[in-house]
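Structure first, commentary second.
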Amino acid sequence: MKPSQEEREKLVESIRRRRAKTSLSNAELATIASVDPGQTSRILDGKFRTVSGNVLRICNALGIDPHGEGSYEATPKEVRERAAWVKLEAAVRRAWDQTPQGAEQLVAVIDAVAKVTSGRRGKETK
């Protein structure tokens, strides 16, 4: 889709505003959207002619409708949680040796961390 200049300016402003609300850096946004950081900067600068896959991925990562038609917008908290999940998933993928045994080891480590953190949360609520 090729937006008019006015539509593109509105979309860029929406993207910039949402990125600022979520406190994501351009690099973090690029990571969670799976878009090259250089392309992310170009999009944030409004240097695009069509609503390409990269623009759509950035909009999706920020929880905004690129056409301005939807009523749902992800909250900044939801966007930050998605960003945290993407980082966590990437870390697990880096740590996993792609074997069933390696997966079981990672599950055991994550389960152990969950026990420690859930125990801490229980003490904080008392």
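Taken together, the values in this text are just the output of simple stated rules run on the coordinates, not laboratory data. Bear in mind the structure is a predicted one, so any value in this text is a computation, not a measurement. Every residue, glycine among them, receives a Cβ derived from its backbone with ideal geometry; neighbour counts consider all protein chains shown.
Computed from point charges on the beta carbon alone (+1 for Lys and Arg, -1 for Asp and Glu), the dipole magnitude for the chain about its Cα centre is near 400 Debye. Lysine pair count for the chain with Cα-Cα distance under 14 Å and sequence separation of 8 or more or different chains is 5. Counting only Cβ charges, +1 for Lys and Arg and -1 for Asp and Glu, the dipole size of the range 1-58 around its Cα centre is about 80 debye. Placing pseudo-labels 7 Å out from each Cα toward the beta carbon at Thr99 and Glu7 gives an inter-label distance of 5.3 nm. Computed from the Cβ-Cβ distance with R0 of 25 Å, the FRET efficiency linking Leu56 to Val116 stands at 0.05. Taking the chain as a Gaussian network of alpha-carbon nodes connected by springs under 10 Å, the highest mean-square fluctuation of the residues Thr50, Thr99, Thr31 belongs to Thr99. Modelled this way, with points 7 Å down the Cα-to-C-beta line, the labels at His67 and Ala20 are 2.8 nm from one another.
Springs between alpha-carbon atoms under 10 Å, Gaussian network over the chain: tell me which of Pro66, Pro100, Pro76 tops the mean-square fluctuations. Fluctuation is largest for Pro100. Between Val109 and Ser34, the distance separating the two model label sites (each 7 Å from Cα on the Cα→Cβ line) works out to 2.4 nm. Candidate values (i) 2, 12, 23, 24, 19, 12, 5, 1, 0; (ii) 2, 11, 18, 20, 18, 14, 9, 6, 2, 0; (iii) 2, 10, 17, 17, 13, 11, 10, 8, 7, 4, 1, 0 were compared with P(r) over Cα pairs in 5 Å bins from 0, in percent computed on the shown model; the agreeing label is (iii). Within the listed set Val79, Val35, Val109, the residue fluctuating most in the Gaussian network model of the chain (springs between alpha-carbon atoms under 10 angstrom) is Val109.
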